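Worksheet: one structure, shown below.
The values are calculated or read from the model by the stated rules, or taken from the named source; none is laboratory data. Computed from a predicted model, the values in this text were never measured in an experiment. Cβ placement follows ideal geometry from the backbone for every residue including glycine, while neighbour counts extend to all protein chains displayed. We work out accessible area using only protein heavy atoms, side chains counted, and drop any ligands, DNA or RNA first. Shrake-Rupley method; radii C 1.70, N 1.55, O 1.52, S 1.80 Å.
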Amino acid sequence: MSTKLQLSPSDVAAKFTAKISDIAIADKERETKTKADRLGMPYLNLVNFPIAQEALRLVDEVDAKKYKIIPFLATDTEARIGLVSPNAQGVAEFLAGLEQDEAHHYSYYLISNNSWASAVKHYKGLVKTKPVVAGVAINEADLTKFAGSVKDFSKVAGQLKKATTTDMVTIVIAGALELKASDIHVEAEEANVKIRYRLDGVLYDVASVSKEAWRPLITRLKLLAKLKLNIEAKPQDGRFTIFLTKDKVDVRVSCIPTAFGESVVMRLLRSSAAGLKFEDLGLRGRAYEILQEQIKRPNGMILATGPTGSGKTTTLYAILNKLNTSDNKIITLEDPIEYKLSGINQSQVDYNKGYDFARGLRSILRQDPDIVMVGEIRDTETADIAVNAALTGHLLISTMHTNSAASTVPRLLSMGVKPFLLTPALNAILGQRLVRLLCKECKMAVDIDDTTRKRVKGILATLPKITGYKTDTTKLKFYSSKGCKACNNLGYNGRTGLYEVLIITPEIEKAILSEDHSASQIGELAVKAGMMTIVQDGVLKALEGITSLEEVFKVAE
């Protein structure tokens, strides 16, 4: 005998309510489809739709909820986005920003509120599985684990061969910090991935890892730098920070597409480098005395010049450190801010927001500064504002890309600066280069050939008497190094500067105002007034065993 199942009134009500709800949802979906047809858009119902995490990473959860959109499919070339209200405020602008990712072709589907609500729940799973990238991406404990085993190139290469992907990144960075590298290069090639370090301005091959390691290695680096994983066809820039017990290292990361995959370069910026003293720059004798006098003046312009990588920014920071007292208001305008300086107001250029050097400098001058540092004078407007600032009671220090101190004058004039304003504005122009220091452990005296000896004598013969240096050219002694364990068999350890300091003498002022202002003419007048040239400073430092003659000629001539 069968027993008929009896439903309680509450169960009947629940079933009835669910049925009504299903009908309402179905009606909404039909309305959405009709609206999609009217707008000429494809329609999709995302309820129970399998959405991959790669798709969700295209749009942050915050933005997905703000604009009621959802990315539901992503391949190497295509991305599909669901929209509830395509015409809602801000949606079009946000989607335009997404489409700057040229790696994907974007297409859009109209979805209902219910469809979106169902799909957006997938972000909960993404949060649980997404790698956590905190402010301290790599901590000191990770680096310490490998510090003792990455003291030279061969050891770094050996550790990389047996490392996991996570450890691989840590080993590469630990090795760079241990060897005092300024940059790490990760370059995809046809057969493998090359790891290179830049030490004291020179790039060295460190190791090669298998091509199979490229994808996880690049992904790990992108996660650390908070870059978009799905973008590979356009450049990206990011950064992360490593906090050490006695130092802090900011790592600037740059990715660009290449023929065999993305190339990544990491610039290691140690906060301790910003503490370099003015006295430790490598300036000596009359050049040191002149620059020390000029930076004490209450107004005027001091320019550090030279090619990329010649230490100009470090020189500016050393000058700021010397001037950084409680009675000075110092403001900087930089692109980017490389080192954080205590007691100094530092401002970051942002071209995307229209905040360039010219506009930033104009704003800074309204902040009542005593001293202003501009990262670089690169256009007519910035040059004009900088000169006027120097003439109106501010000490302004900046950099320019020129080959010598003398060539800075015609460069400024070619940018439209008026000669009668330039001469009273300029305090000093500092031309500089960086040379490697010979390793003290393996340095030894060497002979030079007759041609080189004759060349050196010619350089020293024109050494201005006012510099106070006396050199017996009959007894020239120079040094080199063969490499040892202390310098990782490189022969060099550390760098110092070679300098020339040009000040505006009455003769140089007359030449500028009379339009006889070629670089060669300005240079000749400066030498006659007692300026030691970069190459002369280099030869003297080579005679003292600070660097090698080969290094001086490679860098300075």
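Accessible surface for S272 stands near 70 Å², nearest 10, in the context of the full protein assembly shown (1.4 Å probe).
Filter the cross-link list K296/K440; K222/K312; K65/K234 down to pairs whose alpha-carbon distance in this structure exceeds 32 Å.
From K296/K440; K222/K312; K65/K234, over 32 Å: K296/K440.
Computed about the Cα centre, the dipole magnitude for the chain is approximately 1320 debye when only Lys and Arg (+1) and Asp and Glu (-1) carry charge, each at its Cβ. Tell me, what is the percent relative contact order of segment 241-383, built from C-alpha pairs under 8 Å that lie six or more residues apart? Relative CO of segment 241-383 lands at 18 percent. A simple charge model with +1 on the Cβ of Lys and Arg, -1 on the Cβ of Asp and Glu and nothing else charged puts the dipole of segment 374-514 at about 860 debye relative to its Cα centre. Amide H contacts of V446: F478, Y479, S480, each under 5 Å away and 5 or more positions distant or on a separate chain (H built 1.01 Å from N in the peptide plane; Pro and chain starts excluded). If you add up the charges near G306, with Lys and Arg at +1 and Asp and Glu at -1, over every other residue whose beta carbon is less than 15 angstrom from its beta carbon, what do you get? Every neighbour counted, the sum reads +2. The shape of the chain can be summarised by an equivalent ellipsoid whose semi-axes, obtained from the alpha carbon gyration tensor, come to 60, 31, 19 Å from longest to shortest. Relative contact order, whole percent, for segment 118-262 stands at 21, derived from Cα pairs under 8 Å and 6 or more residues apart. Among K340/K418; K124/K162; K161/K226; K180/K477; K475/K541, which pairs are too far apart, with a Cα-Cα distance over 24 Å? The pairs that break the limit, which is 24 Å between Cα atoms, are K340/K418; K124/K162; K161/K226; K180/K477. Relative contact order of the chain, taken over Cα pairs closer than 8 Å and 6 or more residues apart, is 9 percent.
Among the trypsin sites (Lys or Arg not before Pro) in segment 171-269, those located in a DSSP loop and surrounded by at most 12 other Cβ atoms within 10 Å of their own Cβ are K246. A convex hull fitted around the alpha carbon atoms of segment 122-267 yields 121 Å³ per residue. Of the residues Q159, P369, I295, the one whose Cα sits farthest toward the positive end of the charge dipole of the chain, with +1 on the Cβ of Lys and Arg and -1 on the Cβ of Asp and Glu, is Q159. Each residue of segment 106-118 is assigned a 3J(HN,Hα), and the resulting list reads 9, 10, 10, 10, 7, 10, 8, 4, 5, 4, 5, 4, 5 Hz, derived from the Karplus form 6.51 cos²θ - 1.76 cosθ + 1.60 (θ = phi - 60°), x at Gly and Pro. Average accessible surface for the chain: 50 Å² per residue, computed with a 1.4 Å probe over protein heavy atoms with every protein chain in place. Accessible area of H401 (1.4 Å probe, protein heavy atoms only, ligands and nucleic acids ignored): about 90 Å². Using the Cβ of V374 as centre and a radius below 10 Å, the other residues enclosed give a net charge of -2, where K and R count +1 and D and E count -1.
Using a 4.7 Å Cβ-Cβ cutoff, the cysteines of the chain lacking any partner cysteine are C255. Taking label positions 7 Å along the Cα-Cβ direction at both N139 and A445, the computed distance is 5.5 nm, reported to one decimal. Take the Cα of R453, step 7 Å toward its Cβ, do the same at L391, and the gap between the two points is 5.4 nm. Fully extending the segment from S85 to T308 would add 75.3 nm, taking 0.36 nm per residue of separation and subtracting the current Cα-Cα distance. Computed from the C-beta positions of E232 and D60, the FRET efficiency with R₀ = 22 Å rounds to 0.65. Taking the charge dipole of the chain about its Cα centre, with +1 at Lys and Arg Cβ atoms and -1 at Asp and Glu Cβ atoms, the residue from L269, P71, T144 reaching farthest to the positive side is T144. Taking only protein heavy atoms and a 1.4 Å probe, the accessible area of the chain is 51% carbon and sulfur. Couplings for segment 84-93, taken from phi via the Karplus curve 6.51 cos²θ - 1.76 cosθ + 1.60 with θ = phi - 60°, read 8, 9, x, 9, 5, 4, x, 5, 4, 5 Hz in order; Gly and Pro are left as x. Residue by residue, segment 140-145 carries 3J(HN,Hα) couplings of 5, 4, 4, 6, 4, 4 Hz when phi is fed to the Karplus relation 6.51 cos²θ - 1.76 cosθ + 1.60 (θ = phi - 60°); x denotes Gly or Pro. Out of all DSSP beta bridges in the chain, what portion is antiparallel? Express it as a percent rounded to 5. If we restrict to bridges inside the chain, about 65 percent are antiparallel.
Simple rule: put +1 on each Lys or Arg Cβ and -1 on each Asp or Glu Cβ in segment 201-304, find the dipole, and look at L224, G201, G282; the Cα lying farthest toward the positive end is L224.
Dipole size of segment 267-373 about its Cα centre, with +1 on Lys/Arg Cβ and -1 on Asp/Glu Cβ: approximately 80 debye, rounded to the nearest 20.
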